[in-house]
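Shown next, in structure tokens, is the structure this report addresses.
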2 protein chains.
Amino acid sequence: MKTSLHDTIRADFAARIRAGELAPGDRLPTEAELCEAYGCSRMTVNKALTALAAEGLVERRKRAGTLVAHPRVHAMVLDVPDLAARVRAEGQAYAYELLACSERSPQRGEAGEVALAAGGRLLALDGLHRANGRPLAVEHRLVSLAAVPAMREAALGVEGLGEDGPGTWLLRHIPWTEAETRITAAGATREEAALLGVAAGHACLCIERRTWRGDEAITLVRQVFPGELYDLVARFGP
Amino acid sequence: MKTSLHDTIRADFAARIRAGELAPGDRLPTEAELCEAYGCSRMTVNKALTALAAEGLVERRKRAGTLVAHPRVHAMVLDVPDLAARVRAEGQAYAYELLACSERSPQRGEAGEVALAAGGRLLALDGLHRANGRPLAVEHRLVSLAAVPAMREAALGVEGLGEDGPGTWLLRHIPWTEAETRITAAGATREEAALLGVAAGHACLCIERRTWRGDEAITLVRQVFPGELYDLVARFGP
DNA sequence: CAGTGGTCTAGACCACTGA
DNA sequence: CAGTGGTCTAGACCACTGA
């Protein structure tokens, strides 16, 4: 696999910036100078520098040139893999246990539920995720039947949702295009504590995710993990 | 501000994919067909499709063409703003209180500390973040004096670190290029609980971040927030 | 107002790969 | 093996903006 010239140029400067050889605010050579240096056309150099700008390593300004960007603290990449996949990646057996399943209307005054339902009804699914048989997380999920009518049959019917639970089923059938995830800590409620096998008030990581497909809300899910059993990792860098 | 043609093409297809009009696995027109449709050269079309691929909305394969990608669950963008900035953005007064500051060698057997020190010594800074005077987070920080010798004088000297604490000082003086953040939940220790004004064992959100500048480790910081006072938000989508 | 990057053209050759 | 995208060229015109 031969690397392309534009990627070589991009990687050259990415390395020099990350090594600190080029400091924030420093100016890179102009496109014309780089054409000369690398013996290539301006489009090739432009592609390399545009890619560096997209990575956030440089900032490009007309007349002023291409400057090494000041690092941004925001915009780290958060890995949020499918729970079943993550458990199995660690060599453990994964299982989802459906505890309760009911169809209902959104609760009045619950703005999140009303917006999710979009005038239709909701499917409420409570379940428990297990790793090697041990409880890993309690999950409360609401699914919009307006957006995913097929879910009623899947959850209540003979066929079922499969071993991996409603999250994986939804991913396979109705992939989302937008998502928002909120992460916080909270003490386990008595009910959650009983299911997880911890004391009430035990420090838990709470992950709440809403997903959409275009404008249409699909699902709202809240997962509660005992803090010592789960963590999330975010990275910024190469 | 006139939008460029390649961005118009990119936005056209991004909208159609997000609306669900084009489903995962569907094939986009070939570059040649798009040249015809938009009356432009292939480079322009190529730029638009390459950008869509970088966004993760399409996958490009030779011979097979450009296909709408199956959504990925990973790779959400996590906002990790400067704590001082985030508190002020909510209209509250921010303050950092330095509780303890000492210079020491890394503890033997603590692999993280030894790697951070890189043969040199460490500065240990304990502090409390406040929002409107109320404790928001306890912070334990280690800084590599090999990487940031100026920090000794800044922290121990007359000048001090400024109102915003060592995190903001470091950002201004030694911007990082790589970072790893680990997020979990844990019960407050007795010491943490006393500082935060909560009960011991109270559910707290723990954020642990390591930063590097190129190959050089800069700092390792652990922040502990009462769960009800702080949450993190990650987004995927437009 | 001169230098910079942004965009675009109309070609070209090629590697890859699935019909 | 034909069609696809990947890459690259050698130009061009232009908008923007900071010296």
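Taking the alpha carbon gyration tensor of the range B:5-68, multiplying each eigenvalue by 5 and rooting it gives semi-axes of 17, 13, 11 Å, largest first. Other protein chain C-beta atoms within 10 Å of residue C-beta, averaged over B:199-212: 4.
Normalised by the number of residues in the range A:5-68, the mean separation of alpha-carbon contacts (under 8 Å, six or more apart) gives a relative contact order of 43 percent. Taking one quarter of the surface of the C-alpha convex hull of the range A:64-134 gives a mean projected area of 10.5 nm².
For each of A:Thr8, B:Thr177, count neighbouring Cβ atoms within 10 Å of the residue's Cβ, then give the residues from fewest to most. Could you put the intermediate results ahead of the total?
Details: A:Thr8 14, B:Thr177 22.
Going from least to most buried by this count: A:Thr8, B:Thr177.
The same position B:Gly109 in the other copies lies at 5.5 nm from this copy, comparing label points 7 Å beyond Cα toward the beta-carbon, shortest first. Here is how far apart the B:Arg121 label points are across copies: 7.1 nm, shortest first, using a point 7 Å from Cα toward Cβ. Shown here is the pair-distance distribution of the protein assembly as shown: with all Cα-Cα distances grouped in 10 Å bins from zero up to the longest one, the shares run 4, 16, 24, 25, 20, 10, 2, 0 percent. Straight Cα distances below 29 angstrom link B:Lys2 to the lysines A:Lys47, A:Lys62, B:Lys47, with same-chain residues fewer than 8 positions distant left out. Per residue of peptide B:228-235, the mean number of Cβ atoms on other chains within 10 Å of the residue Cβ is 6. At q = 0.07, 0.13, 0.15 Å⁻¹, what base-10 log of I(q)/I(0) does the Debye formula yield for chain A when every alpha carbon is treated as an equal point scatterer in vacuo? These q points yield log10 I(q)/I(0) values of -0.39, -0.86, -0.97. Copy-to-copy label distances for B:Gly20, where each label lies 7 Å from Cα along Cα-to-Cβ, are 5.1 nm in order of increasing length.
Only the coordinates and a few stated rules stand behind these numbers; no lab work does. All figures in this text were calculated on a predicted structure; none of them were measured in a lab. All Cβ positions, glycine included, derive from the backbone under ideal geometry; neighbour counts span all protein chains shown.
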